[in-house]
1. Could you list all residues from the range 264-274 that are assigned to a helix (DSSP H, G or I) and surrounded by 20 or more Cβ atoms within 10 Å (Cβ to Cβ)?
2. Every residue in the range 200-236 that is among the aromatic types (Phe, Trp, Tyr) and within 14 Å of ligand 1 (Cβ to nearest atom), please.
3. Within the range 67-104, which residues are within 29 Å of the chain's Cα centre (by Cα), away from ligand 2 (no atom under 16 Å from the Cβ), assigned to a loop (DSSP other than H, G, I, E, B) and not aliphatic (A, V, I, L, M)?
4. Considering every residue within the range 57-66, establish whether at least one is away from ligand 2 (no atom under 13 Å from the Cβ) and either crowded, with 16+ Cβ neighbours inside 10 Å or under 30 Å from residue 182 (Cβ atoms) (or both).
5. Cβ-Cβ distance below 8 Å, separation of 6 or more or different chains: which pairs start in the range 275-289 with a residue that is in a helix (DSSP H, G or I) and end on one that is of a type in the set (Lys, Arg)?
6. Could you grab the pairs with beta carbons closer than 8 Å, sequence gap of 6+ or different chains, first residue in the range 54-71 and more than 14 Å from residue 86 (Cβ to Cβ), second one in a loop (DSSP other than H, G, I, E, B) and near ligand 2 (Cβ under 9 Å from one of its atoms)?
7. Let me spell it out: the conditions are (1) among the β-branched types (Val, Ile, Thr); (2) more than 12 Å from ligand 1 (Cβ to nearest atom); (3) at pLDDT 95 or above, and residue 35 meets all of them except one. Which number is the exception?
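The values are calculated or read from the model by the stated rules, or taken from the named source; none is laboratory data. Treat the numbers as computed from the prediction; the structure is a model and nothing was measured. Here Cβ is always computed from backbone atoms with ideal geometry, including for glycine, and neighbour counts include all displayed protein chains.
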Amino acid sequence: MSTGDGHRSADSGTEPMIRLEGLEKSFPGSDEPAVRSLSIDVPRGEIAVLVGPSGCGKTTTLRLINRLIEPTGGRIILEGEDVTHADPDALRRRIGYVIQQIGLFPHMTIAENIATVPQMLGWKEIDARVDELLELVGMEPRTYRHRYPRELSGGQSQRIGVARALAADPPVLLMDEPFGAIDPITRERLQDEFLRLQSEVQKTVVFVTHDIDEAVKLGDRIALLRTGGILAQYDPPERLLISPADDFVAEFIGAGARVKGLRLVAVADVELPRCATGAPGDAPDRVLARLRETGRDYAILLDAEGRPRSWVSEAELAHNGRSLEGLGEAVGSTVGIADTLHQALDALLASGSGATPVVDGEGRYEGVVDLATLVEAVAAMRANGGGAAGERARAPGGTQGER
Ligand SMILES: Nc1ncnc2c1ncn2[C@@H]1O[C@H](COP(=O)(O)OP(=O)(O)OP(=O)(O)O)[C@@H](O)[C@H]1O
Ligand SMILES: [Mg+2]
């Protein structure tokens, strides 16, 4: 998975992993095609998300890519090779598939489910591979290896579905609403795990959802389809949010596109306004002098380790000549330098003050985020035509410059 859309010049000229060229599917007996002249490129190691209303052709597109159904027009190119008419069985070995509603085999154990494809391919040391995959998706092999699908929660089943699709280590992964029928909290967790997993396995993924927030969170690029399998827009999430191609896209994204855009920028990527600070040994009048230079109403007092401890006002500093000891009001929420501006907004609203301190991995003061920081970041996104204001904020380490 790469970060930093609009910074992909290193990729230009290299072959996309998946190229769909004018792909069409008309089902027999139906007047309207389910997928119409669909052309998209998915670069190696990226996640392309297909999103759109129910019945717009998302599942059909996935099934065309791995030739579970045959296209009625167009071409499918995999790593530069036209596979439109290639042997479908051989093709599917290169493509993992997580189907809508998981589809684990109920009469097989978890280990047998995961081992399906390696078994078919006659692999050796399948047990070790199964354990490795269980570890990879965060499930303790000893506990889960011998269970049956009915003995798992929905979220656990989803993870097994992913493990099974990864079993033969295919370069391409097709995922059809893998986190569809799951409560929002577990879903967030599975999404985070999936991004972490993807940063390790670096597959080229086509991911289907009808949830635009999920698309924005997971996608390097988003293909928004309208009914009839017509591509409305194919762009990085920033661009989709900030420059929707037409009314359909704008409506599908819904209100709050700019707030959603804040998820794509890390605190580390914006310039943080400075605030006056005071260390434990400082004299109050020195902190006061610094505070007046910043033009703010409050300074931040740090503890001996440099962690934000309290907010102190100009008046309080002016009336306490001797020491900073015990001054100010405890700092409530802070935000991490690696967090997103969306998380910063949340912390800002939770803090009830005009600014939230930003801290590094050890909790040490780095600066503050205030409303102006967020306003500027959104303006920068718009000025870039939806290109990221900074690198994309992605929880578990991206892989800039790799491949
Ligand atoms: N085997 C089939 N025969 C005839 N029509 C089909 C077949 N499979 C899908 N369709 C039609 O093709 C269109 C697209 O279906 P598809 O399953 O791709 O939608 P989808 O975008 O995945 O929807 P959802 O979000 O509900 O899963 C629909 O109108 C559907 O009725
Ligand atoms: Mg579907």
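1. Initially, the range 264-274 is screened for residues assigned to a helix (DSSP H, G or I), giving 264, 267-269.
Hits for the range 264-274 are 264, 267.
2. Just the residues of the range 200-236 that are among the aromatic types (Phe, Trp, Tyr), to begin with: 207, 234.
The one that is among the aromatic types (Phe, Trp, Tyr) and within 14 Å of ligand 1 (Cβ to nearest atom): 207.
3. Correct list: 67, 79, 80, 94.
4. Yes - at least one qualifying residue is present in the range 57-66.
5. 284/322
6. 54/210; 58/210; 59/100
7. Of (1) among the β-branched types (Val, Ile, Thr); (2) more than 12 Å from ligand 1 (Cβ to nearest atom); (3) at pLDDT 95 or above, only one is false for residue 35: (2).
Results for (1) closer than 30 Å to residue 137 by Cα; (2) buried (at least 22 other Cβ atoms within 10 Å of the Cβ); (3) out of contact with any helix residue (DSSP H, G or I) (no Cβ under 9 Å at 6 or more places or on another chain), shown as yes or no for each residue.
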{"residue": "204", "(1), (2), (3)": "yes, yes, yes"}
{"residue": "210", "(1), (2), (3)": "yes, no, no"}
{"residue": "232", "(1), (2), (3)": "no, no, no"}
{"residue": "244", "(1), (2), (3)": "no, no, no"}
